[in-house]
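The values are calculated or read from the model by the stated rules, or taken from the named source; none is laboratory data. Just so you know, these numbers come straight off a predicted model, no measurement behind them. Here Cβ is always computed from backbone atoms with ideal geometry, including for glycine, and neighbour counts include all displayed protein chains. The area values use the complete protein model at the heavy-atom level, side chains included, leaving out ligands, DNA and RNA. Shrake-Rupley method; radii C 1.70, N 1.55, O 1.52, S 1.80 Å.
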Amino acid sequence: MASISTDNGGNVRILFAAPGGGRKTIYLGKVTQKVAAAVKLRVESLVGSIAARAPVDPQTAAWTATIPDDLAAKLAAVGLMAERQSQKLGAFLDEYVRRRATDGHTKPATLVTIRRVAADLVAELGVGTDLRAVTVAEAERFKAAYTGKAGATVYRRLKMAKMLFKYALKLKLIAENPFADVGGKNHNPLERQFYVTEADTLALLDKATPLWRVIIALARFGGLRCPSEVLSLKWEGVDLPRGRMVVDSPKTEHIEGKASRVVPIFARLRPYLEEAWELAGPGEVYVIGGAQGDRYRATTQKPGGWVNTNLRSVFEKLVRRAGLVAWPRLFQNLRSSLETDLMKQHPIHVVTAWVGNTPKIALGHYLQTLEGDFEKAVRGDATSDAPATQKPTQTRADGIRPDGTTSAEVLAGRPVSPVLTAPVSYCPDVQVAKVGLEPTRIATLDFESSASAIPPLGPSI
């Protein structure tokens, strides 16, 4: 048991019998009897836990985590708790950045974001600030410093700041995370959404070089991320006869081990893959190959990774050459346009599996409401205004094969030839004329029919 004693000067102290023997004293100074009684209760709990070699009860553990440093030091001096660690903001962030830079798992682009947020924290809060001194009010002040930046940027940086302080909490350098409830909205503003029509896409393709034709087609007609997935696509994963390809995803390989996914070779995409195959040199590994493709991939070895590839500047010149005006998020809106098209014909879980995101991300950042959707609702159409999907021609093997999920391992690493067993001609679907602001639809084939819906023009080879 512990006791409270007050001297003639009004200074309060707590005396208790130490678990190892003898009596020890904690000097509290001039405090109220209510405060002294509360400390006495926690001291008795700590002494009892040490004597019984049992864990400290949750209430007492939470109390010791939130008490001031001077009281924590007094409790540590009499052996009732471990000496509290303290670290300056600048030193903590420098150590964290060094650890992430050498762990072998952190992506270069992620490391760039960590360094940027660490620099912003130091600039706003001070390099010598004690981690425990960072309050919720200062976290809100840090958020206010991002006023004027895009909402998605603010969201990502605040999420990173929250992660940094969560790590400090894990190391018990702080009692609570001041950024726990400080965040931004992760949404896709309407002004950053843009549907790339079929007509505009064809105008771009008409002005592009062969290499850039396949880059654009993989993004708009295949839904691949550009540049990471487009430049990572290998011929060994492209199976034109079966109408599917294995897409390596550097961005998502750390999420549940999903390093790749199987994507249909849609009818719109097929002609451009065939053209790329015909132009590929002997032994070419990558679909975006040749000296230019190698130069693009070489830039990713620098700090920043795929950010350094800078395909955007070349693409912007191509957009102007085609007589178009550059739209926001040039490459992501190509993927967004395809995903919006696919949703008219396939369930969301199928579409997101092909495109490589989740229903939540698709609904918040990719899927767009088009003018044609309003027109259809006003007309009361029961069916989609997009051209009907062609019925696939099944082989006998297709007819008896169970309809299951295709694993990436089926194609990856297996020597397959992209050469078709019969020539296939590009046969665009009939376009729907524009009405008002309604964009042209791009019809897509389903997974099984993407390779076989268009009849061969000649005999088998």
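Taken per residue, the accessible surface of the stretch 144-270 reaches 41 Å², heavy atoms only and a 1.4 Å probe. Packing, as the average of other Cβ atoms within 10 Å across residues, places the peptides 101-114, 338-351 in the order 338-351, 101-114, highest first.
The packing ranking of peptides 195-202, 325-332, highest mean first, is 195-202, 325-332, where packing means the average number of other beta carbon atoms within 10 angstrom of each residue.
Computed with a 1.4 Å probe over protein heavy atoms only, the accessible area of E176 comes to about 130 Å². If you plug the beta carbon distance of T106 and A52 into 1/(1 + (r/R0)^6) with R0 = 56 Å, you get a FRET efficiency near 0.85.
So, for the stretch 36-119, what is the accessible surface per residue at a probe of 1.4 Å, expressed in square angstrom?
On the way: 4640 Å² over 84 residues.
Each residue of the stretch 36-119 exposes 55 Å² on average to a 1.4 Å probe.
Past the 29 Å Cα-Cα mark, which pairs from K107/K162; K40/K172; K30/K170; K107/K360; K34/K170? Too far apart for the 29 Å limit: K30/K170; K34/K170. Ligands, DNA and RNA aside, E95 has an accessible area near 100 Å² when probed at 1.4 Å.
A Förster radius of 22 Å, combined with the Cβ-Cβ distance separating E371 from I348, puts the computed FRET efficiency at roughly 0.55.
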